[in-house]
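Participant: Below are the structure tokens for one structure; questions will follow.
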Amino acid sequence: MSDVRTRNESAWLLPNDGTRTNHALRQDMRCFADGDELDLLVVGCGAGGSVLLQRLARAGWKVAALEAGPFWDPDTDWVSDEAGSHHLYWTQPRVISGSDPVPLGSNNSGRGVGGSMVHYAGYTPRFHPSDFRILTQDGVGADWPIDYDDLRSYYQEIEEELPVAGEKWPWGDPHSYPYRPHPVGGNGELFLRGADKLGITAKVGPVAIVNGRFGNRPHCIYRGFCLQGCKVNAKASPLITHIPDALAHGAEVRPDCMVTRVEVDERTGRATGVHYVRDGVPRFQKARMVAIAGYSIETPRLLLNSASKRFPDGLCNDFDQVGRYLMVQGAPQTAGRFDAEVRMYKSPPPEVSCEDFYETDPAKPYQRGFSIQTVSPLPITWAEHVAAQGHWGAALREYMSDYVHWSCLGALCEFLPQAGNRVTLAEETDRHGLPVANFSYSQCENDTNLMKAAQSVMEDILHAAGADEVITIDRYAHLVGGARMAADERHGVVDAGCRTFAVPNLYITDGSVLPTQGSANPALTIMAVTARAADRLIGAAGCVST
Ligand SMILES: Cc1cc2nc3c(=O)[nH]c(=O)nc-3n(C[C@H](O)[C@H](O)[C@H](O)COP(=O)(O)OP(=O)(O)OC[C@H]3O[C@@H](n4cnc5c(N)ncnc54)[C@H](O)[C@@H]3O)c2cc1C
Ligand code: SF4
């Protein structure tokens, strides 16, 4: 922990005068011309893209990130208000299909510097060692070309940089966190009480929310607006955890730039840069290497939209792997009513988790498992929960006025990777004339069984805590996969170091490279995988331009 500042100074580069943005750092940012050949250009400035940018800038590389959304300023752009936060989501058109189509938008993707982590909840669990070997161990899904041990030190690094607070973690590879657990509110207390009565282990954390002061980032004030972009700067997102340090080390972040195509030289087979649109004007940025980090939907879409004579079915798609094995976690949500007031809005939604049901249980009719966490929806999301149960009109009004009496838990079920769950290009085009993504999703029987099992455990916990009524809805959360990491090009798009098999100077460093998802929230693993890829890139390059 002691050397975190020497590795990443972001928290100390934020202002300590009550404002949240270091404007001087942005104004003095190094700016490259389109014709400058960058050492590496990153597409997308979210969880994966920002970590890569910061690591390479620190190593002296000439790097820039082109980001489709704005360079957020928490002081002026964010409000502690559910209805006023819709601009944080990626709401451009996308087509959904399959037998269980997944609605896309607020619950699964973001835009702007910081990416989806700007409005993610803040849970940062590690994957379990078993997640890297589920085909060998459980006969389902796929094995990763790396092991948990390959990521352990990167998990530790990122946990210190965010930083993460939580109790000593007994599951997976047992470990502790750099910061002590936060105190819990009413929802967390009920989860702990119900779990205890049933002999289920539940623990406080792990959350990337400052518990104490960290650099110039203040303590959490427990107002519960984590999913609206924390105005306090207490919740981690790359906008405050990695971008300031990247800028201080000479990286450029170019916001409002939509990348439309990766250019590959037909003769050499190497990427030469990217086409992008800024202020309606098409442009081209030269680069010696390119890394795509646009999220599980936009990364496959960009590859497919970068088809050429050499790659007629889409860039890196010779073996029809691009867009496939896209996963979403089944995320049923169960609410319980208590006579006493719970006031679940009075704390961060991420508080308490349980991973007792994470691993395959041979006694159960399904493989793999689920985790359970507090979710604490604010009023609009609470209305969506109640309406999804079929309540409307007077009944909906009654549930809404009873809001302070409700507690809410959510599960994350490990849906399995399936080749048919994929992104392809739709007929429909966006405002740049580019085909939008068509995301097709169908659950398998294992997925459906996991959802039912998770629902039943959550209902038991809330009943054990004293709830007199429980209501459950089905939802989805978190998308990963779509350009997965594999041992060879017949089974995936990138190798263990996130380098594409087809184009030697093209990398993918976001959630799309994950071959499985466990029942853990993915952001920490995306950052750890990227930090490892960055180390390998830096090690392999030897020297770079300055
Ligand atoms: C409501 C919500 C709650 C969540 N809660 C949690 C949680 O508690 N814990 C957790 O671990 N995860 C959570 N997540 C998921 C987590 O935020 C994502 O898994 C993670 O941010 C994905 O990282 P990424 O690098 O793949 O993509 P992102 O972080 O989404 O970054 C992609 C970036 O690329 C940009 N981009 C896309 N296409 C282009 C293009 N063509 N040109 C230029 N830029 C482009 C986008 O604008 C975006 O900024 C949550 C997500 C949401 C939406
Ligand atoms: S509860 Fe804490 S982390 Fe969440 S938005 Fe408020 S200050 Fe930020």
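The values are calculated or read from the model by the stated rules, or taken from the named source; none is laboratory data. Keep in mind that this is a model prediction, so the values were computed, not measured. Glycine gets a Cβ as well: all are built from the backbone with ideal geometry, and neighbour counts include every protein chain shown. To get the accessible areas, we keep the full protein, side chains included, count just its heavy atoms, and leave off ligands, DNA and RNA. Shrake-Rupley method; radii C 1.70, N 1.55, O 1.52, S 1.80 Å.
Participant: Placing unit charges on C-beta atoms (Lys and Arg positive, Asp and Glu negative, everything else neutral), compute the dipole magnitude of region 34-187 about its Cα centre in debye, rounded to 20.
Facilitator: 220
Participant: Tell me the label-point distance for the pair V404, F284, using the 7 Å Cα-to-Cβ offset, in nm and rounded to one decimal.
Facilitator: It works out to 6.3 nm between the two label points.
Participant: So, one more: How large a share of the accessible area of region 193-298, in percent, is made up of carbon and sulfur atoms when the probe is 1.4 Å and the other protein chains stay in place? Could the numbers behind the result be given before it?
Facilitator: Numbers: 1880 of 3750 Å².
Exposed carbon and sulfur together represent 50 percent of the surface.
Participant: What angle do you read, to the nearest 10 degrees and between 0 and 90, between the alpha-carbon axis of helix 523-541 and the longest principal axis of the chain?
Facilitator: 20
Participant: Further question: Note the angle between two axes, namely the Cα long axis of helix 295-305 and the longest principal axis of the Cα atoms of the chain, as a number of degrees from 0 to 90, rounded to the nearest 10.
Facilitator: 40
Participant: Here's a follow-up. If amide H atoms are built 1.01 Å from N in the plane of the peptide, which residues on other chains or at least 5 residues away come under 5 Å of the amide H of K62?
Facilitator: Excluding prolines and chain starts, which carry no amide H, the hits are D39, L40, S545.
Participant: On alpha-carbon atoms, Rg over Rh for region 50-186 using Kirkwood Rh? Could the numbers behind the result be given before it?
Facilitator: On the way: Rg = 18.7 Å, Rh = 18.6 Å.
We get a ratio of 1.00 for region 50-186.
Participant: Taking the Cα-to-Cβ direction at T136 and at E427 and moving 7 Å from each Cα, how far apart do the two end points lie in nm?
Facilitator: Between T136 and E427, the label points sit 4.7 nm apart.
Participant: For D430, list long-range residues whose amide hydrogen, built 1.01 Å from N in the peptide plane, is under 5 Å from its own amide hydrogen.
Facilitator: V436
Participant: Using only alpha carbon pairs under 8 Å that are at least six residues apart, calculate the relative contact order of region 34-541 and give it in whole percent. If you can, show how the numbers build up before the last one.
Facilitator: Values: 1294 pairs, mean separation 118.6, N = 508.
Once divided by the residue count of region 34-541, the mean separation gives 23 percent.
Participant: Need the C-alpha centroid separation for region 445-484 versus region 328-349, integer Å.
Facilitator: For region 445-484 versus region 328-349, the Cα centre distance is 13 Å.
Participant: Between R490 and E445, how high is the FRET efficiency from 1/(1 + (r/R0)^6) when r is the Cβ-Cβ distance and R₀ = 25 Å? Nearest 0.05.
Facilitator: Working: r = 27 Å, r/R0 = 1.07.
Taking R0 as 25 Å, the efficiency between R490 and E445 is 0.40.
Participant: In the full protein assembly as shown, how much of M400 is accessible to a 1.4 Å probe, in Å² to the nearest 10?
Facilitator: Ignoring ligands and nucleic acids, M400 comes out at about 60 Å².
Participant: Which whole-number percent gives the relative contact order of region 245-349, counting Cα pairs below 8 Å spaced six or more residues apart?
Facilitator: On the way: 111 pairs, mean separation 16.6, N = 105.
Computed over region 245-349, the figure is 16 percent.
Participant: Please report, in whole Å³, the volume per residue of the convex hull around the C-alpha atoms of region 202-310.
Facilitator: On the way: hull volume 19.5 nm³, N = 109.
Cα convex hull per residue, to the nearest whole number: 179 Å³.
Participant: Could I ask something else about it? Test of the criteria: in region 252-325, which trypsin sites (Lys or Arg not before Pro) are in a DSSP loop and have at most 12 other Cβ atoms within 10 angstrom of their Cβ? Write out the running numbers ahead of the final one.
Facilitator: Values: sites: R261, R267, R270, R278, R283, K286, R288, R301, K309, R310, R324; in loops: R267, R270, R288, K309, R310, R324.
Hits after loop and neighbour filter: R267, K309.
Participant: Relative contact order for region 295-400: what percent, with Cα pairs under 8 Å and sequence separation of 6 or more? Mind showing how you got there, number by number?
Facilitator: Details: 81 pairs, mean separation 15.9, N = 106.
Relative contact order for region 295-400 comes out at 15 percent.
Participant: Per 10 Å bin from zero, what fraction in whole % of the C-alpha pairs of region 34-541 is there, up to the bin with the longest pair?
Facilitator: Percent of pairs per bin, in order: 4, 21, 32, 27, 13, 3, 0, 0.
Participant: In addition: Hey, what number do you get for the chain at 222 nm if only DSSP H runs of n ≥ 4 count, each worth -39500 (n - 2.57), divided across all residues, to the nearest 500? Kindly include the intermediate steps, with their values, before the conclusion.
Facilitator: Values: 15 runs with 141 residues, N = 546.
Theoretical 222 nm ellipticity from helices: -7500 deg cm²/dmol.
Participant: Apply the Debye scattering formula to region 184-264, with a single equal point scatterer on each alpha-carbon and no solvent, then give log10 I(q)/I(0) at q = 0.11, 0.14, 0.20 Å⁻¹.
Facilitator: Relative scattering, expressed as log10 I(q)/I(0), comes to -0.52, -0.70, -1.01.
Participant: Working from Cα positions, state the angle (0 to 90°, nearest 10) between the long axis of helix 186-198 and the longest principal axis of the chain.
Facilitator: Here the helix axis deviates by roughly 70 degrees.
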